[in-house]
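To keep things clear, I will list the structure first and then write my remarks on it.
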Amino acid sequence: MIKENLALCQQRLKIAAAQAGRLGEEITVVAVIKAVPISLVYEAIDAGIGHLGENRVQEALLRYESLNAYAHKSGQRLSWHMVGHLQTNKVKEAVKIFDLIHSVDSIDVAVEIDKQAARLHKIQNVLIQVNTSYEAAKFGFTLETVEEAVKEISVFKNTHMKGLMTIAPLVDNLEEARIFFRRLKELKDKINQSGNSPLTILSMGMTDDFEVAVEEGANMVRIGRGLFAGL
Ligand SMILES: *Cc1c(COP(=O)(O)O)cnc(C)c1O
């Protein structure tokens, strides 16, 4: 049952948050629903999940209306998160539906987001994705290029940078993931020392590593398998 899985995740979150002197409630859980049957997503909404994450725009569009309508029946409003790599030609549709785009990984995509948001008279909330591990297969700005990117994007009129996102590498020992989360937190602190509109969101941590991420300062975690696997 999703309800039990969610309770388990929240318990784990609470313990990790306490380690860092914080409260579990300060951490937003984004349920990543990629490839999850819609009946299970309904169940997640019933369990109180209000933040849904998708990694493909097309998949999100397919279920956007029905899931919103379902949540609406119980007086909930869903918040939609784009967590996967966004191709420039998908930005137009993405800006229509996503409340937060976690995966701004190039200036080009940011420019397109700003353009499409302006067309819709929308301010698009985004996070800047950082490749904290320098893995060739990962998207995101490097630690060396991110500050310049933040500076450039900060003048965009229809784009609001809310924070940073990273995906840690797969590791054998969870402790090995800690450094990547720590890097993102330090980067945010550094940017906030100079910027005038502070970044507040740190989106880091998934099913296998969210406790370490929370200990290192995550206030948004993206959980898929921890909620849906095996159901
Ligand atoms: C799939 C995915 C997640 C969730 O991963 P789990 O290991 O299933 O919790 C989180 N973030 C991104 C970017 C993803 O693509």
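The values are calculated or read from the model by the stated rules, or taken from the named source; none is laboratory data. Keep in mind the model is a prediction, meaning the values are calculated, not measured. Here Cβ is always computed from backbone atoms with ideal geometry, including for glycine, and neighbour counts include all displayed protein chains.
Residues in the stretch 66-105 that are basic (K, R) and at pLDDT below 95: there are none. Scanning the stretch 199-209 for residues that are out of contact with any strand residue (DSSP E or B) (no Cβ under 9 Å at 6 or more places or on another chain) and away from the ligand (no atom under 14 Å from the Cβ) turns up nothing. Among (1) in contact with a Pro (Cβ under 8 Å, 6 or more places away or on another chain); (2) within 23 Å of N219 (Cβ to Cβ); (3) not hydrophobic (A, V, I, L, M, F, W, C), where does E135 come up short? E135 satisfies every listed condition except (2).
Across the stretch 92-108, the qualifying residues are those that are touching a strand residue (DSSP E or B) at 6+ places or on another chain (Cβ under 7 Å) and hydrophobic (A, V, I, L, M, F, W, C), and the one among them that is surrounded by the most Cβ atoms within 10 Å (Cβ to Cβ) is I101.
In the stretch 44-79, the qualifying residues are those that are among the charged types (D, E, K, R) and closer than 21 Å to M220 by Cα, and the one that is nearest to the chain's Cα centre (by Cα) is E54.
Can you tell me how many residues within the stretch 71-84 are away from the ligand (no atom under 16 Å from the Cβ) and surrounded by 17 or more Cβ atoms within 10 Å (Cβ to Cβ)?
Taking the stretch 71-84 and keeping what is away from the ligand (no atom under 16 Å from the Cβ), we get 71-78.
Adding the requirement that they be surrounded by 17 or more Cβ atoms within 10 Å (Cβ to Cβ) leaves 71, 78.
Residues meeting the conditions: 2.
Looking across the stretch 110-125, just one residue is more than 20 Å from M220 (Cβ to Cβ), aliphatic (A, V, I, L, M) and buried (at least 19 other Cβ atoms within 10 Å of the Cβ), and that is A117. Of the residues N55, N68, the single one that is under 30 Å from M1 (Cα atoms), within 15 Å of the ligand (Cβ to nearest atom) and among the polar types (S, T, N, Q) is N55.
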